[in-house]
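Each remark here refers to the structure printed beneath this line.
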Amino acid sequence: MSHRFLAAMAVAVVIAVALLAPPPATGQAQSPAKATPAKPTPAAKTWTVPRTADGQPDLQGVWDYRTITPLERPKELGTKAFFTAEEAANYEKQENQRQNRDLIDPEQGGLFYPPGGVVPYNEFWYDRGNKIVGSKRTSLIVDPPDGRLPAWTPEGQKQADLRAAEQRSTQLGHPHADSWEDRPLQERCLVGLNAGPPMTPGAYNNNIQLFQTPGYVVILNEMVHDARIIALDGRPRGSIRQWKGDSRGHWEGDTLVIDTTNFKRETNVEGSSVNTHLIERFTRADANTLLYEFTVDDPTMWTRPWTAVIPMSKSEDPIYEYACHEGNYAMAGILAGARAAEKAAEEAEKKGSR
Amino acid sequence: MQNRLRSAIFAGAKAALIVALWVGAVPTIGQAQTYKAPRTADGKPDLNGIWEALNTANWDIQDHAARMGPVVALGAAFSVPAGLGVVEGNDIPYLPAAAAKKKENAEHWLTADPEIKCYLPGVPRATYMPYPFQIFQTPQYILMAYEFAAASRTIYMNSSQKSPNDTWMGWSVGHWEGDTLVVDVTSFNDQTWFDRAGNFHSDALHVVERYTRISPDALDYEVTIEDPKVFSRPWKMRMPLYRRLEKNAQLLEYKCVEFAEELMYGPLRKQSSEGKGGSK
């Protein structure tokens, strides 16, 4: 939290955001079985869900979803779904060391940075948390049971290969930047990396504020200041496609369920398509914990739906204004850099041919 | 005779009463308010809903005649509509240097107006841009979400919390004065404007907004602007805001970054002899 002022500093350096850590954050999760809503822990038994004036479970407040638990379970952990307390402490220690950008020598490479590449942000910029989720799960993905994204469809594989190649060349300092449209949506400040939908922990700004009024829930994302307005009155969905899709919500017991379709492009989850059907569930587990579970069903890209659970912790801090586009000097820098590199190559070629 | 006179007087009085009732049913801002707004669960006037200004203040907050727009090809479709100003007395008390700056802004509108680049519009401009906004009113926080640029701001009710930094949308603290929501907005940067006519402010801007329901479907919106670096005295704007009555009215996305990128980054696009840039 000490780095929250970064948000207000805006993106003085949006730079190649694609290079930022994959979903890393904090939280005391309960450990729900698979894709089911929260089960109260023994400690929470005396706690009852607060209600709004109109009788809905009160989910309001600022929620922080930092964690260093990865979206996908590291392959080497195999079938291990939970850490023991000791393993968790070891993992946190190692992961905090491994993630620390200040300890990575660009010449040597490290983490997912290849040797001789670019480590675009130093540690100062990160606010990814330093703890794994309270459930001690080894991944945020709870289904498939191996904690990993399901197999790609042929189209999904094709897109994944293209992304990997692009990421590699960006990491090596040669971003594809004929135009701004070649850059990822988050670098253009059109959508936030972690803001969703669905929300997934990222490098910084892992905060939302929930508002509830009769008939509505609003999710205000700190990342790229997006207010997702969700009507609860069962109104029909129109034909308009939007960056954040079109969401409708309803209550199932004490769980808020949000159903989103009509995406304009991919969601914030890498590899998803416009055909994504997203179901999100919010359940208060105790006074300080909001469980966020989402299921991505995208038959264009994945061979089966998948589900992740992210615990969010109550925060007393305000949401900061993250004026991303307004401070996006990096986009001009990336494009100008690419043009300069082309010019240099052209001149080198001319010289060589003389 | 006496009876006929009396009945004529009575009829006249009745007509006057009817006129009075009819006028009363269509309140205009500025007259005494007797309308009693529905309440939220905590007993406050209910401001929830989707609202929009219906004026040309975003073109120019002062009186302005119609004039030709900046894009020849768009002719009558995108020229500037005339409008009565929303500034009280139509006078903005600029300090001399600021008046010169305003004039310069107006002359360089197309390159200098932050709206054109899809920057967060600030307050009060966000309120009267030609896009709807939605109020979400809770006892502790009131969220105002604007369609333009996905801008929003949170109003902290009865809070003593200070802004952590200067911002585009300001730091809003609210309280109720009778049936009026009063919002005190500070901690602005100096980057936003009031309109497309170059009216501007500094980072010393202090805005006080007053939102009052005057009918089932209208709010009275009054704003006091104070900025000692730019103006010689505080001044006011005032306008009604109207409820969007469409069935299933919904705030849609206007993520305008993508509409400003060509303007902002176009010269940095790869120029190819085959005419094959990176984007379509």
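For the stretch A:257-284, name all the residues that are touching a residue at least 60 places away in the same chain (Cβ under 8 Å) and open to solvent by 40 Å² or more (accessible area, probe 1.4 Å).
Within the stretch A:257-284, A:ARG265, A:GLU266, A:GLU270, A:ARG281 meet the criteria.
So B:SER215 fits all but one of (1) more than 14 Å from every other protein chain (Cβ to nearest Cβ); (2) touching a strand residue (DSSP E or B) at 6+ places or on another chain (Cβ under 8 Å); (3) farther than 29 Å from B:TYR94 by Cα; (4) of a type in the set (Ser, Thr, Tyr); what number is the exception?
The number of the failed condition is (2).
Taking interchain pairs and intrachain pairs at least six residues apart, which have beta carbon atoms under 9 angstrom, with the first residue in the stretch A:48-74 and small (Gly, Ala, Ser) and the second open to solvent by less than 30 Å² (accessible area, probe 1.4 Å)?
A:ALA53/B:THR40; A:GLY61/A:GLN209; A:GLY61/A:LEU210; A:GLY61/A:LEU290; A:GLY61/A:SER315
Where in the stretch A:259-354 are there strands (runs of 3 or more DSSP E), lying fully within it, with 1 or more residues that are under 22 Å from A:LEU185 (Cα atoms) and under 20 Å from the mean Cα position of the chain (by Cα)?
Where strands (runs of 3 or more DSSP E) fall fully within the stretch A:259-354 and carry at least 1 residues being under 22 Å from A:LEU185 (Cα atoms) and under 20 Å from the mean Cα position of the chain (by Cα), they are A:277-286, A:289-297.
Run down B:TRP171, B:TRP109 and say which single residue is open to solvent by 10 Å² or more (accessible area, probe 1.4 Å), out of contact with any Asp or Glu (no Cβ under 8 Å at 6 or more places or on another chain), of a type in the set (A, V, I, L, M, F, W, C) and under 19 Å from B:VAL223 (Cβ atoms). Can you show your working first?
Details: B:TRP109 fails: under 19 Å from B:VAL223 (Cβ atoms).
Testing whether each residue is open to solvent by 10 Å² or more (accessible area, probe 1.4 Å), out of contact with any Asp or Glu (no Cβ under 8 Å at 6 or more places or on another chain), of a type in the set (A, V, I, L, M, F, W, C) and under 19 Å from B:VAL223 (Cβ atoms) leaves just B:TRP171.
Return yes or no: is B:GLU115 touching a helix residue (DSSP H, G or I) at 6+ places or on another chain (Cβ under 9 Å) and either surrounded by fewer than 23 Cβ atoms within 10 Å (Cβ to Cβ) or under 17 Å from B:ASN48 (Cα atoms) (or both)?
Details: touching a helix residue (DSSP H, G or I) at 6+ places or on another chain (Cβ under 9 Å): yes; either surrounded by fewer than 23 Cβ atoms within 10 Å (Cβ to Cβ) or under 17 Å from B:ASN48 (Cα atoms) (or both): yes.
For B:GLU115, the condition - touching a helix residue (DSSP H, G or I) at 6+ places or on another chain (Cβ under 9 Å) and either surrounded by fewer than 23 Cβ atoms within 10 Å (Cβ to Cβ) or under 17 Å from B:ASN48 (Cα atoms) (or both) - is met.
Out of the residues in the stretch A:211-254 meeting the condition of being touching a residue at least 60 places away in the same chain (Cβ under 8 Å) and in contact with an Asp or Glu (Cβ under 9 Å, 6 or more places away or on another chain), tell me which one is farthest from B:ALA149 (Cα to Cα).
A:PRO214
Quick one: which residue in A:ALA340, A:ALA348, A:ALA344, A:ALA287 is surrounded by fewer than 17 Cβ atoms within 10 Å (Cβ to Cβ) and either under 15 Å from A:VAL62 (Cα atoms) or touching a helix residue (DSSP H, G or I) at 6+ places or on another chain (Cβ under 6 Å) (or both)?
Numbers: A:ALA340 fails: either under 15 Å from A:VAL62 (Cα atoms) or touching a helix residue (DSSP H, G or I) at 6+ places or on another chain (Cβ under 6 Å) (or both); A:ALA348 fails: either under 15 Å from A:VAL62 (Cα atoms) or touching a helix residue (DSSP H, G or I) at 6+ places or on another chain (Cβ under 6 Å) (or both); A:ALA344 fails: either under 15 Å from A:VAL62 (Cα atoms) or touching a helix residue (DSSP H, G or I) at 6+ places or on another chain (Cβ under 6 Å) (or both).
Among A:ALA340, A:ALA348, A:ALA344, A:ALA287, only A:ALA287 is surrounded by fewer than 17 Cβ atoms within 10 Å (Cβ to Cβ) and either under 15 Å from A:VAL62 (Cα atoms) or touching a helix residue (DSSP H, G or I) at 6+ places or on another chain (Cβ under 6 Å) (or both).
Could you list, in sequence order, all residues of the stretch B:252-274 that are in contact with a helix residue (DSSP H, G or I) (Cβ under 8 Å, 6 or more places away or on another chain) and either within 9 Å of chain A (Cβ to nearest Cβ) or surrounded by fewer than 12 Cβ atoms within 10 Å (Cβ to Cβ) (or both)?
Initially, the stretch B:252-274 is screened for residues in contact with a helix residue (DSSP H, G or I) (Cβ under 8 Å, 6 or more places away or on another chain), giving B:257, B:260-261, B:263-265, B:268-270.
Correct list: B:VAL257, B:ALA260, B:GLU261, B:MET264, B:TYR265, B:LEU268, B:ARG269, B:LYS270.
Tell me which residues, restricted to the stretch B:227-251, are surrounded by fewer than 13 Cβ atoms within 10 Å (Cβ to Cβ) and acidic (Asp, Glu).
The answer is B:GLU246, and nothing else.
Six or more apart or on different chains, Cβ under 6 Å: which pairs go from a residue in the stretch B:34-59 that's within 14 Å of another protein chain (Cβ to nearest Cβ) to one that's of a type in the set (S, T, N, Q) and outside any strand (DSSP E or B)? Could you list them?
Going by the 6 Å Cβ cut-off, the qualifying pairs are B:ASP46/B:THR40.
If a residue has to be closer than 30 Å to A:HIS174 by Cβ, surrounded by 15 or more Cβ atoms within 10 Å (Cβ to Cβ) and among the aromatic types (Phe, Trp, Tyr) to count, how many in the stretch A:77-118 make the cut?
Result for the stretch A:77-118: 1.
Here are A:ASP297, A:ASP317: which of them is in contact (Cβ under 8 Å) with a residue 40 or more places away in the chain, of a type in the set (D, E, K, R) and either open to solvent by 50 Å² or more (accessible area, probe 1.4 Å) or more than 14 Å from chain B (Cβ to nearest Cβ) (or both)? So that I can check it myself, show each step before the final result.
Numbers: A:ASP297 fails: in contact (Cβ under 8 Å) with a residue 40 or more places away in the chain.
Being in contact (Cβ under 8 Å) with a residue 40 or more places away in the chain, of a type in the set (D, E, K, R) and either open to solvent by 50 Å² or more (accessible area, probe 1.4 Å) or more than 14 Å from chain B (Cβ to nearest Cβ) (or both) holds for just one of A:ASP297, A:ASP317, which is A:ASP317.
Find the residue count for the stretch B:182-191, including only residues that are in contact with a Gly (Cβ under 7 Å, 6 or more places away or on another chain) and surrounded by fewer than 23 Cβ atoms within 10 Å (Cβ to Cβ). Steps first, answer last, please.
The initial filter retains those residues of the stretch B:182-191 that are in contact with a Gly (Cβ under 7 Å, 6 or more places away or on another chain), namely B:182-183, B:185-188.
Restricting the remaining residues to those that are surrounded by fewer than 23 Cβ atoms within 10 Å (Cβ to Cβ) gives B:182, B:186-187.
The number of residues fulfilling the criteria is 3.
Checking A:GLU187 against (1) within 12 Å of chain B (Cβ to nearest Cβ); (2) buried (at least 23 other Cβ atoms within 10 Å of the Cβ); (3) in contact with a Phe, Trp or Tyr (Cβ under 7 Å, 6 or more places away or on another chain), only one condition comes out false. Which one?
Answer for A:GLU187: the failing condition is (3).
Take the stretch A:301-314 and flag every residue that is surrounded by fewer than 21 Cβ atoms within 10 Å (Cβ to Cβ) and in contact with an Asp or Glu (Cβ under 7 Å, 6 or more places away or on another chain).
A:PRO305, A:THR307
Looking only at the stretch A:130-181, how many residues end up being acidic (Asp, Glu) and not in a helix (DSSP H, G or I)?
In the first step, residues of the stretch A:130-181 are kept if they are acidic (Asp, Glu); the result is A:143, A:146, A:155, A:161, A:166, A:178, A:181.
Filter once more, keeping what is not in a helix (DSSP H, G or I): A:143, A:146, A:178.
Result for the stretch A:130-181: 3.
Could you list all residues from the stretch A:230-253 that are open to solvent by less than 40 Å² (accessible area, probe 1.4 Å) and either within 11 Å of chain B (Cβ to nearest Cβ) or in contact with a Pro (Cβ under 7 Å, 6 or more places away or on another chain) (or both)?
Answer for the stretch A:230-253, where residues must be open to solvent by less than 40 Å² (accessible area, probe 1.4 Å) and either within 11 Å of chain B (Cβ to nearest Cβ) or in contact with a Pro (Cβ under 7 Å, 6 or more places away or on another chain) (or both): A:ILE230, A:ALA231, A:ARG235, A:GLN242, A:TRP243, A:LYS244, A:GLY245, A:ASP246, A:SER247, A:ARG248.
Among (1) within 30 Å of B:GLU115 (Cα to Cα); (2) open to solvent by 10 Å² or more (accessible area, probe 1.4 Å), where does A:CYS324 come up short?
Looking at each condition in turn, A:CYS324 falls short on (2).
Has the stretch A:197-215 got any residue that is open to solvent by less than 10 Å² (accessible area, probe 1.4 Å), within 14 Å of chain B (Cβ to nearest Cβ) and out of contact with any strand residue (DSSP E or B) (no Cβ under 9 Å at 6 or more places or on another chain)?
no
What's the number of the only condition in (1) out of contact with any strand residue (DSSP E or B) (no Cβ under 7 Å at 6 or more places or on another chain); (2) more than 9 Å from chain A (Cβ to nearest Cβ); (3) crowded, with 21+ Cβ neighbours inside 10 Å that B:TYR128 fails to meet?
All conditions are met except number (1).
Determine if the stretch B:71-82 includes at least one residue that is farther than 12 Å from B:ARG196 by Cα, surrounded by 15 or more Cβ atoms within 10 Å (Cβ to Cβ) and more than 14 Å from every other protein chain (Cβ to nearest Cβ). Steps first, answer last, please.
Kept after step one, since they are farther than 12 Å from B:ARG196 by Cα, are these residues of the stretch B:71-82: B:71-79, B:81-82.
Filter once more, so that each one left must be surrounded by 15 or more Cβ atoms within 10 Å (Cβ to Cβ): none.
No, the stretch B:71-82 has no match at all.
Quick one: in the stretch B:101-125, of everything that is in contact with a strand residue (DSSP E or B) (Cβ under 7 Å, 6 or more places away or on another chain) and in a loop (DSSP other than H, G, I, E, B), which residue is farthest from the other protein chains (Cβ to nearest Cβ)?
Here the answer is B:PRO124.
Part of a strand (DSSP E or B) and away from every other protein chain (no Cβ under 11 Å), is that true of B:VAL173? Don't jump to the end; show me each part of the working.
Details: part of a strand (DSSP E or B): yes; away from every other protein chain (no Cβ under 11 Å): yes.
Spelling it out, B:VAL173 is indeed part of a strand (DSSP E or B) and away from every other protein chain (no Cβ under 11 Å).
Take the stretch A:80-129 and flag every residue that is modelled with pLDDT of 95 or more, over 22 Å from the mean Cα position of the chain (by Cα) and outside any helix (DSSP H, G or I).
A:LYS80, A:PHE83, A:THR84
The values are calculated or read from the model by the stated rules, or taken from the named source; none is laboratory data. Given the structure is predicted, the values throughout are model-derived calculations rather than measurements. Methodologically, a virtual Cβ is constructed for each residue, glycine included, from the backbone with ideal geometry; neighbour enumeration extends over all protein chains shown. Only protein heavy atoms, including side chains, enter the accessible area calculation; ligands, DNA and RNA are left aside. Shrake-Rupley method; radii C 1.70, N 1.55, O 1.52, S 1.80 Å.
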